[in-house]
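For reference, the structure discussed in these notes is given below.
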Amino acid sequence: DELGVLTQSFNAMTRQLEDARGQVERTRVGLELANARLASVLSNLTAGVIVLDRDFKVSLANHGAEKILGEAAQRMAGQPLAALPGLAAFEPEITKAYSEAGDTESQSWQRQVSIDAPTGDNTERGSGKTLLLRGALLPEAHGDHLLVIDDISDVVSAQRAIAWSEVARRLAHEIQNPLT
């Protein structure tokens, strides 16, 4: 009788272990699929996405960040924010924005900055980039920071062209009035 109860208990425990093992495997596959999807989304974004640890060192950067900053993601990994090309000059402003955002309810911030193009013989003066920097504290990430970088140079250039065409239109109108 006791041997039968022991055998039934052992069989029940074996089934529970098998069920738990199956659940762990399903969870692992689900996490791998979610990570692959997230990696695919991040790699296809045109915006630069950089994750900084609590010491403001790069822990993750996507392909968009590579294109905007001109530095390979592997080379950015582990580097402090102050060592990133184009952003080094804004490091104090960025860290200050994160500390101020930590005191607000939304815990996010946004800044527009202009960086100069690398100096060389074939670059024009004023041919730099205008970047829109947005940052947020990652929830439950133990002090990690998210930095999203958008190159808005084309947008600023288009706004400038629209403004100049309006100036030209008004100037032409003002010249036409006396001539008429």
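Given the criteria more than 29 Å from residue 62 (Cα to Cα) and either at pLDDT below 95 or of a type in the set (Phe, Trp, Tyr) (or both), does residue 3 qualify?
Working: more than 29 Å from residue 62 (Cα to Cα): yes; either at pLDDT below 95 or of a type in the set (Phe, Trp, Tyr) (or both): yes.
Against the criterion (more than 29 Å from residue 62 (Cα to Cα) and either at pLDDT below 95 or of a type in the set (Phe, Trp, Tyr) (or both)), residue 3 qualifies.
Table: residues versus (1) in contact (Cβ under 8 Å) with a residue 60 or more places away in the chain; (2) of a type in the set (Ser, Thr, Tyr); (3) under 26 Å from residue 66 (Cα atoms); (4) surrounded by fewer than 16 Cβ atoms within 10 Å (Cβ to Cβ).
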position	(1), (2), (3), (4)
132	no, no, yes, no
136	no, no, yes, no
145	yes, no, yes, no
165	no, yes, no, yes
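Hand me the list of helices (runs of 4 or more DSSP H) wholly inside segment 1-112 holding 3 or more residues that are open to solvent by 60 Å² or more (accessible area, probe 1.4 Å) and closer than 14 Å to residue 147 by Cα.
Those helices (runs of 4 or more DSSP H) span 91-101.
Taking segment 107-133, which residues are at pLDDT below 85 and touching a strand residue (DSSP E or B) at 6+ places or on another chain (Cβ under 8 Å)?
We begin by selecting, within segment 107-133, every residue at pLDDT below 85; these are 107, 115-128.
Selection gives 107, 115, 117, 128.
Can you pull out every residue in segment 147-163 that is within 17 Å of residue 67 (Cα to Cα), open to solvent by 60 Å² or more (accessible area, probe 1.4 Å) and assigned to a helix (DSSP H, G or I)?
Taking segment 147-163 as the starting set, the residues that turn out to be within 17 Å of residue 67 (Cα to Cα) are 147-154.
Those still in the list that are open to solvent by 60 Å² or more (accessible area, probe 1.4 Å) too: 151, 154.
Across segment 147-163, the qualifying residue is only 154.
The values are calculated or read from the model by the stated rules, or taken from the named source; none is laboratory data. Small disclaimer: the values here were computed from a predicted structure and weren't measured. Cβ coordinates were reconstructed from backbone atoms using ideal geometry, including for glycine residues, and neighbour counts include every protein chain displayed. Side chains included, ligands, DNA and RNA excluded: accessible areas come from the protein's heavy atoms. Shrake-Rupley method; radii C 1.70, N 1.55, O 1.52, S 1.80 Å.
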